[in-house]
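Data block below; observations after.
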Amino acid sequence: MHLAAIGVRKAGDALPSIWVDAAKLIWAFWFVVPFMLGATAVASERQFGTSDSQLCLPEPRRAQFVVKLLFVLVVGLAFGGVMPLLMEQFARAVAVQSDLIEGSTLLDPGTTLRRLWVYGRYP
């Protein structure tokens with residue numbers, strides 16, 4: 001979806017303005033991805049019946065919850081935080097203006113890591 005939005009932004013004037021405006025806001029879609037990942041994990045646990053058998057394990061429920069939570073947070077951060085930045089940096093590489101990334105050089109690891117650190121500290 002994000003690549004299609006980059007294509008729409010690249011086409012610019014050849015398409016209706018509503019498409020271009022919607023394509024500029026595609027980065028907001030990535031906020032939903034961690035919730036979809038978590039919902040899918042819970043749904044598949046219930047569908048396959050693994051949640052009942054996991055509660056019978058000698059590991060405490062709290063420890064199981066913490067492990068699952070940390071995994072979902074790491075995957076959610078990767079897809080919800082890093083992927084939009086990488087996609088927008090790709091957009092800049094193909095000469096498409098990015099409203100999300102302003103003034104940074106293409107794939108500058110120092111700038112990207114500083115942004116991730118600031119985003120992580122001040123959500």
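The values are calculated or read from the model by the stated rules, or taken from the named source; none is laboratory data. Predicted model only: the values in this text are computed from it and were never measured. Every residue, glycine among them, receives a Cβ derived from its backbone with ideal geometry; neighbour counts consider all protein chains shown.
Could you pull out the residue among Ala91, Ala63, Ala78 that is within 30 Å of Ser51 (Cβ to Cβ) and at pLDDT 80 or above?
Selected residue: Ala63, the only one of Ala91, Ala63, Ala78 that is within 30 Å of Ser51 (Cβ to Cβ) and at pLDDT 80 or above.
Failed condition for Arg114, given (1) within 19 Å of the chain's Cα centre (by Cα); (2) surrounded by 15 or more Cβ atoms within 10 Å (Cβ to Cβ); (3) modelled with pLDDT under 80; (4) in a helix (DSSP H, G or I), with all others met?
Condition (2) is where Arg114 drops out.
Which ones in the stretch 20-33 are surrounded by 14 or more Cβ atoms within 10 Å (Cβ to Cβ) and either modelled with pLDDT of 80 or more or over 17 Å from Leu86 (Cα atoms) (or both)?
Across the stretch 20-33, the qualifying residue is only Val20.
Hey, among the residues in the stretch 34-61 that are of a type in the set (Gly, Ala, Ser) and closer than 28 Å to Gly80 by Cα, which one's surrounded by the most Cβ atoms within 10 Å (Cβ to Cβ)?
Gly38
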